[in-house]
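The values are calculated or read from the model by the stated rules, or taken from the named source; none is laboratory data. These numbers come from a predicted model, not from an experiment. Note: ideal-geometry Cβ built from the backbone for every residue, glycine included; neighbour counts use all protein chains shown.
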Amino acid sequence: MSIFISRIPDLLRLCASTLATRIAFLGLIGCFVSLIITGCQPKVSFNYKPPGELEPDSGQGRVDYTVYLGGMRFPLEQSPSYANSQVYGVGGLHGPAGSQCDERNYSYPWKDNYCETRTWDMPMCPSGKGHQGQDIRPLDCTDSVHWVVAVEDGTITHIGSYSVYLQGSSGIRHRYLHLNHDQLAVSAGQQVQKGQRIGLVSNNMGSVQTTIHLHFDMYSGGLYIPTYMSLVEAYKDLLDQ
Amino acid sequence: MKLNHYHITFTFAWVLGCIFFLLSCREAETGQAAIAQQNQVIIQQSTVNWEAAQQHALFNDSQLSKQQAQVLKIATLPLLLPNEPELIATGIMSAGEDWYAASMKHEGFSVVVSGSTRRVTVPGVEVPNLPEYRKQDLRVTRAEGIAELAFTAYGAIYTISVECEDPENDKHCKNESYILELANKLLRSKVNHD
């Protein structure tokens with residue numbers, strides 16, 4: 001290091017010595033200035049783990065690259081959003097110790113959690129049991145602030161204690177869980193347009209509290225179909241807007 | 001110009017600086033291992049076996065309000081509804097040509113009964129078979145505390161969901177008996193087909 005420092009005067013002289021070195025020196029300065037202007041932070045954009053690759057020790061995922069609903073609107077109104085596990089994420093029941101608001105839960109890459117270990121039947125999962133949908137955290141860990149929207153045109157067919165059912169014009173039924181049911185923007189029987197606001201992401205599970213997230217699933221023909229790649233494509237579209 | 005090691009070192013540093021700059025500005029793609037496959041997703045429409053459906057025990061349509069009946073008339077599949085007047089009275093009905101849903105509430109829990117003749121299929125993607133509507137075949141599952149069962153009957157697919165305010169303790173969700181009872185009490189409404 002001391003050798004390098006002692007050479008700095010020589011380097012500076014060299015910078016000014018010829019046209020080529022002057023250009024090189026200015027180029028280097030330009031690069032660093034640009035870095036400072038852009039925040040000196042590598043810009044991390046959306047990236048995701050492949051479908052079926054769950055959190056370690058959280059079960060066997062289903063490898064399915066199919067986009068079951070092309071052109072779908074991403075269910076959260078705003079980006080960024082983070083698809084990942086609630087149970088096996090930081091602060092989750094089986095996850096690393098910490099808060100649900102830990103920044104590791106609010107970062108890419110996305111992780112599939114369809115077929116994550118559950119005790120209930122799920123015939124589409126390799127083990128025959130598992131999680132039916134995808135959990136998604138909104139852009140930050142704030143309750144009842146972030147809107148979810150209709151993923152396609154359709155009809156709100158049911159509002160339970162912590163669920164909203166949207167029968168889409170595609171024939172797929174979409175289910176939104178854990179919204180704040182005191183502030184829903186829709187009612188049962190109502191027709192909605194793609195992108196229309198439905199409710200706010202919360203931690204509502206009836207008398208039980210869960211983490212602040214949206215559980216989103218897609219149901220057709222009596223089965224919960226894989227959601228992950230449809231969500232990935234919808235999210236890319238949202239980011240491109 | 002005669003090149004010496006200073007020129008080389010400096011040019012190398014400059015190139016490194018530029019590479020670093022470009023790397024910082026480009027969209028990071030690390031971890032993006034998956035590429036979506038635009039598999040051919042087919043919406044399959046099944047044919048209703050009305051002859052068989054007509055053998056199903058009939059619902060007392062006088063339980064339905066004018067508005068409820070009006071909505072359900074649109075559907076072109078057998079309308080199976082629970083024989084529970086108290087529930088039906090709270091029902092908000094929705095329907096399209098090939099589906100219907102009856103959303104009902106009771107104190108502490110809600111029920112939705114729905115049917116559809118449409119299903120999403122993908123060639124090459126194996127989909128498990130659903131049980132036929134026979135008492136012994138019905139299998140209850142849970143979805144985030146919501147009790148659910150699905151079956152096929154007369155060419156359509158039916159689903160019943162029971163959701164409780166207290167999913168961990170309410171017997172309507174915790175036990176299978178209530179949802180099975182509902183399933184076995186389904187009767188066919190004639191509002192859309194004699």
Scanning segment A:192-218 for residues that are closer than 22 Å to A:S169 by Cα and in contact (Cβ under 8 Å) with a residue 60 or more places away in the chain gives A:K194, A:G195, A:R197, A:L214, A:H215, A:F216, A:D217, A:M218
*Does B:A69 fit the bill of being outside any loop (DSSP other than H, G, I, E, B), exposed (fewer than 14 other Cβ atoms within 10 Å of the Cβ) and either away from chain A (no Cβ under 11 Å) or touching a helix residue (DSSP H, G or I) at 6+ places or on another chain (Cβ under 9 Å) (or both)?*
no
Exactly one of B:G145, B:G155 is facing another protein chain (nearest Cβ under 7 Å), at pLDDT below 95 and within 23 Å of A:T157 (Cα to Cα), and that residue is B:G145
Those residues of segment B:161-194 which are of a type in the set (S, T, N, Q) and either farther than 16 Å from B:A102 by Cβ or part of a helix (DSSP H, G or I) (or both) amount to B:N169, B:N175, B:S177, B:N184
The one condition A:Y68 fails out of (1) under 14 Å from the mean Cα position of the chain (by Cα); (2) in a loop (DSSP other than H, G, I, E, B) is (1)
Among strands (runs of 3 or more DSSP E) entirely inside segment A:117-191, those with 1 or more residues being touching a residue at least 60 places away in the same chain (Cβ under 8 Å) are A:134-137, A:147-149, A:163-168, A:173-177
The lone condition A:V201 fails out of (1) surrounded by fewer than 22 Cβ atoms within 10 Å (Cβ to Cβ); (2) more than 10 Å from chain B (Cβ to nearest Cβ) is (1)
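Every residue, every condition in (1) on the phi > 0 side of the Ramachandran plot; (2) more than 12 Å from chain A (Cβ to nearest Cβ); (3) modelled with pLDDT of 95 or more, yes or no:
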| site | (1), (2), (3) |
| --- | --- |
| B:W14 | no, no, no |
| B:Q38 | no, no, no |
| B:Q63 | no, yes, yes |
| B:A75 | no, no, yes |
| B:A89 | no, yes, yes |
| B:S94 | no, no, yes |
| B:W99 | no, no, yes |
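So that you can scan it fast, the table gives a plain yes or no per residue for (1) farther than 27 Å from A:E103 by Cβ; (2) assigned to a strand (DSSP E or B):
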residue: A:I198; (1), (2): yes, yes
residue: A:T211; (1), (2): no, no
residue: A:H215; (1), (2): no, yes
residue: A:M218; (1), (2): yes, yes
residue: A:Y224; (1), (2): yes, yes
residue: A:M229; (1), (2): no, no
residue: A:E233; (1), (2): no, no
residue: A:K236; (1), (2): no, no
Apart from one, (1) crowded, with 16+ Cβ neighbours inside 10 Å; (2) part of a strand (DSSP E or B) all hold for B:Q44; the odd one out is (1)
